[in-house]
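Reading through the structure tokens given below for one structure.
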Amino acid sequence: MKQNKPTFADSATGILQLPSEEPFVVGMNVSVPSPEFQLQKLEHFTLVFVNQGTAQVEIDFRLFRIKQGDMLVLTTAQFFQCIEVAPDLNLSYVTLTRDIYHEVTLAFDTPFFAFLKECPCLAAPDKKHVRQFNHLLHLLTGIYQDRKHTFRLPIFKNILQCFLMDLYNKVREQFLCHDTVHTSQQEELLGKFITLVFQHSGTRREVQFYADSLSITTRYLSFVVKSLTGITPKGIIDSRCI
């Protein structure tokens, strides 16, 4: 019987999914020879590190090309789709529940989360940071595999929190420069629009219906969706229908 090759969202353990009854999963050096074309709404938080190769992905309908040394920060409720991967694509990743993510980021300022949603693809500035990523992954892999450890989950949370605190510090100047209140309001509107598209695109394809449902004008809806995704509302509706 012919077996399907692993895809971005369905690798050896499932990069964007969690094993049954596991609060987190860590994978290192996973080869991904095939893309995953299915559009999906993410349930968990995932850090993806590109060890080798390139890929083209859509996050909230915005196109990103990732390459060696890049890190993807995928948060819950985002819309994700992998469009294309290079044959030599190799990834490492950490996926965890929304509850753990909220717990370890409790002390962070709100603009940080808006920044990550706007800039989910982060490039490592130098080889030093790549080594730090690898060190983090080795630590998390060790504790993930030690299932009998009494403090397995607390140690995982502590290591991850230290890493995210370091990431927070590195990008702090960038996200403080953003108009985060305005951006977050528009992103909230975009999220509501996309949710409506998922619910009604089978029967309702006119932009006016979605604008009326959101109590805004079609012009403002078009402005927000186009500015955040690069695609018109009609384009997103048609894409979902296809």
### Message
Checking the structure you have, find out if any residue of the stretch 106-128 is among the basic types (Lys, Arg) and free of Cβ contacts under 8 Å to residues at least 40 places away in the same chain.
### Response
yes
### Message
Out of the residues in the stretch 95-124 meeting the condition of being of a type in the set (Ser, Thr, Tyr) and open to solvent by less than 60 Å² (accessible area, probe 1.4 Å), tell me which one is farthest from Lys170 (Cα to Cα).
### Response
Thr97
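Within the stretch 145-242, which helices (runs of 4 or more DSSP H) (wholly inside it) include 2 or more residues that are of a type in the set (A, V, I, L, M, F, W, C), closer than 22 Å to Phe61 by Cα and modelled with pLDDT of 90 or more?
Qualifying helices (runs of 4 or more DSSP H): 207-213.
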### Query
Got a sec? Which strands (runs of 3 or more DSSP E) wholly within the stretch 28-75 have at least 2 residues that are closer than 24 Å to Thr105 by Cα?
45-52, 70-74
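The values are calculated or read from the model by the stated rules, or taken from the named source; none is laboratory data. Everything numeric here is computed off the predicted structure, so don't read it as measured data. Glycine also receives a Cβ, built like all others from the backbone with ideal geometry; neighbour counts cover every protein chain displayed. For the accessible areas, the whole protein counts, side chains as well, though only heavy atoms, and no ligand, DNA or RNA atoms are used. Shrake-Rupley method; radii C 1.70, N 1.55, O 1.52, S 1.80 Å.
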